[in-house]
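Read through the structure below, which is laid out as structure tokens, and then see the notes.
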């Protein structure tokens, strides 16, 4: 089986009993929207959020046999930021958003950091959370949509030569994060970006 002894990293996630049904319904719902509104691959984007630990530790290491105390560097490291990547169904990677815990740009990478200028030219958004966490907030989601997602869709509509770009729908697939599902955010999306259809990756199915 090509197995090896491993140290567990987390409890196994329990999938819903009807996971196949849930995923099938989600796929059919998305297919229906694509067909109904004639949405090309370039106008379908999936966004994720991932915690990025600055110094990833581990609870295993090599040490002398018999020692009762086995130290490891970084095992208690908690500092991290949130990376928010997006990619279209046509395979185009959108500019990243990175969210850092803090109230000012001083919490973000220094402008003199290696490759900072390149990241800036690529449209990356390096933003302080202005909250008590580095996870995405309502304000950060608005920034992502206004500065990355919506501009990408508008640019692609022009590139694709859409006859009536103002009435062309796009699909944005996101996960079931509490902010994403909130009435406040979804109402804002319907009001501010009515041609972007928000759909969700089914919860507890990944």
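The values are calculated or read from the model by the stated rules, or taken from the named source; none is laboratory data. Everything numeric in this text was worked out from a predicted model, so none of it was measured. Cβ sites come from the backbone with ideal geometry, for glycine too, and all protein chains shown count toward neighbours.
General observations
- Considering each residue of the range 32-40 in turn, none proves to be at pLDDT below 95 and either surrounded by 11 or more Cβ atoms within 10 Å (Cβ to Cβ) or closer than 20 Å to residue 129 by Cβ (or both).
- Residue ID - surrounded by the fewest Cβ atoms within 10 Å (Cβ to Cβ), chosen from residues in the range 192-202 that are free of Cβ contacts under 8 Å to residues at least 60 places away in the same chain and under 13 Å from residue 169 (Cα atoms): 194
- Residue check, residue 196 within 14 Å of the chain's Cα centre (by Cα) and modelled with pLDDT of 90 or more: no
- Test result for residue 147, closer than 30 Å to residue 33 by Cα, surrounded by 11 or more Cβ atoms within 10 Å (Cβ to Cβ) and either in contact with a strand residue (DSSP E or B) (Cβ under 7 Å, 6 or more places away or on another chain) or modelled with pLDDT of 95 or more (or both): yes
- Of all residues making up the range 160-191, the number that are over 21 Å from residue 36 (Cβ atoms), surrounded by fewer than 15 Cβ atoms within 10 Å (Cβ to Cβ), touching a residue at least 24 places away in the same chain (Cβ under 8 Å) and more than 15 Å from the chain's Cα centre (by Cα): 2
Here is a yes/no grid of residues against (1) within 21 Å of residue 45 (Cα to Cα); (2) surrounded by 14 or more Cβ atoms within 10 Å (Cβ to Cβ); (3) at pLDDT below 90:
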position	(1), (2), (3)
68	no, no, yes
72	no, no, yes
91	yes, no, no
101	no, yes, no
118	no, no, no
124	yes, yes, no
127	no, yes, no
132	no, no, yes
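- Hits in the range 78-105 - residues which are within 17 Å of residue 120 (Cα to Cα) and touching a residue at least 12 places away in the same chain (Cβ under 8 Å): 83, 84, 85, 86, 94, 95, 96, 97, 98, 99, 100, 105
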